[in-house]
1. Compare the Cα positions of ALA364, HIS188, PRO168 along the charge dipole of the chain (+1 at Cβ of Lys, Arg; -1 at Cβ of Asp, Glu; about the Cα centre) and return the one farthest towards the positive end.
2. Between 0 and 90 degrees, rounded to the nearest ten: what's the tilt of helix 381-396 against the longest Cα principal axis of the chain?
3. Would you mind checking region 1-35 for residues with the amide N under 18 Å from a putative spin-label position 7 Å along Cα→C-beta of GLN79?
4. Might you tell me the accessible area per residue for region 5-179, computed with a 1.4 Å probe and given in Å²?
5. Within the P(r) computed for region 5-179, what percentage of the Cα pairs occupies the region above 20 Å?
6. Using a Gaussian network model on the chain with a 10 Å cutoff between Cα atoms, which of GLY243, GLY295, GLY186 fluctuates the most?
7. Could you work out how much longer the chain between GLU390 and ALA153 gets when fully extended? Use 0.36 nm per residue separation minus the Cα distance between them, nm to one decimal.
8. Which pairs break 25 Å Cα to Cα here: LYS28/LYS228; LYS18/LYS95; LYS261/LYS343; LYS228/LYS381; LYS18/LYS228?
Amino acid sequence: MQGKRILLIVGGGIAAYKSCELVRLIRKAGGEVTCVLTEGGSHFVTAMTLAALSENPVHTTLWDLKNEVEMGHIQLSRQADLVVVCPATANMLAKMAAGIADDLATTLILATDKPVLAVPAMNVRMWLNAATQANVATLRSRDITVVDPDDGAMACGEYGPGRLPEPPAVLEAIQHALRGPGLLTGRHVLVTAGPTHEPIDPVRYIANRSSGLQGFAIAEAAAQAGAKVTLVAGPVDLPTPYGVTRVNVESALQMEAAVEKALPADVAVMVAAVADWRAENAGDPARKIKKDGSGQPPALKLVENPDILAGLCASPRRPALVVGFAAETHDVIANAQAKRLRKGADWIVANDVSGDVMGGTRNAVQIVTASGIEAIGQAPKAVIAQALIERIARAFD
Ligand code: C5P
């Protein structure tokens, strides 16, 4: 965000105190902030606080003769790279949707020719109210970015969606909005990631060591490239990258259904380490298998799971580009080439897992395509993800 200018409109809600921290974070990231404090906002934080943190004058009224002579409100609305409304109250969203300009903040929002990002914060009932939801839908249809509020305990004592996301998450949303259109804007990218858990009974399962890190990094890189991203994630404890729609699943059968439901997609990158087998009869799902005293272990019969990648490639709704992964410890390229043909994928990313790749932060990959082999080499998983996303974007060019 080095050198980027943010016009930060602080609305009238208790979450306004988080905007003070947001100003610090934007500045720490190299951005410049000019604050506009609404009448409501001034009941929660002072202009002095925001001026001290931003090291810029704070604007509070349309009718300030000195300000209007030095910098008219139209100019103020245009000199920023991004207008951020944080917190955006229900009232502010309603005014924005209706095009009302009855104070400095709403006038600037109406007058700006720059992208606008709104970060709502309000009581759960106010957020869920049909009027607010309709206003949010209207704003989104006009390309105003409205961040989804967090779920949780609220200052008013209620619980649910409506909390302002924590300042680092708001900073991420700002960085995302500042990026503008990317290499994959307008594309839908479907990513599978993580392991699957195959139940044996209600408390036991078959699993593998996949961390989900590489798949999550690819989903994040795709979102940063402007794509709409659906991430079908097996059970992993990783944060959802900004801008990614996450669908959590446990088993291979659930992953298969979630992939089907996420279609149509332009690209599928299947990174999940799907269990090859599941227990044939996972038993009465509510009953734990007990030792029967005979000293004999129970027999566990396995059946093969569907191959989600092969199924997707054979589907009439096949994405234009399907990329599979092949984690191999030996004959990496030969195995990947055979897998590409067997499964019908366009590319296989051959992944040498002979070292500490599984669960580690680095990876070593080569892309096997119909026309040959392209090396990405050894790099952190985030760098591999970016290189792969750039390669995918080139394929669409
Ligand atoms: O056959 P193998 O597991 O080595 O193939 C790996 C590739 O196939 C990965 O892209 C993985 O996500 C995908 N796969 C799948 N469904 C399975 C097994 C693998 O989608 N049941």
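1. ALA364
2. 90
3. 3-10, 27, 31-35
4. Working: 8020 Å² over 175 residues.
It amounts to 46 Å² per residue over region 5-179.
5. Working: 7170 of 15225 pairs.
Taking all Cα-Cα pairs of region 5-179, the fraction more than 20 Å apart is 47 percent.
6. GLY295
7. 81.3 nm
8. Details: LYS28/LYS228 29 Å; LYS18/LYS95 22 Å; LYS261/LYS343 20 Å; LYS228/LYS381 21 Å; LYS18/LYS228 28 Å.
Table pairs above 25 Å Cα-Cα are LYS28/LYS228; LYS18/LYS228.
The values are calculated or read from the model by the stated rules, or taken from the named source; none is laboratory data. Please read all numbers here as calculations on a predicted model, not as lab measurements. Positions of Cβ are backbone-derived with ideal geometry, glycine not excepted, and every protein chain shown enters the neighbour counts. These accessible areas exclude ligands, DNA and RNA; they are computed on the full protein's heavy atoms, side chains included. Shrake-Rupley method; radii C 1.70, N 1.55, O 1.52, S 1.80 Å.
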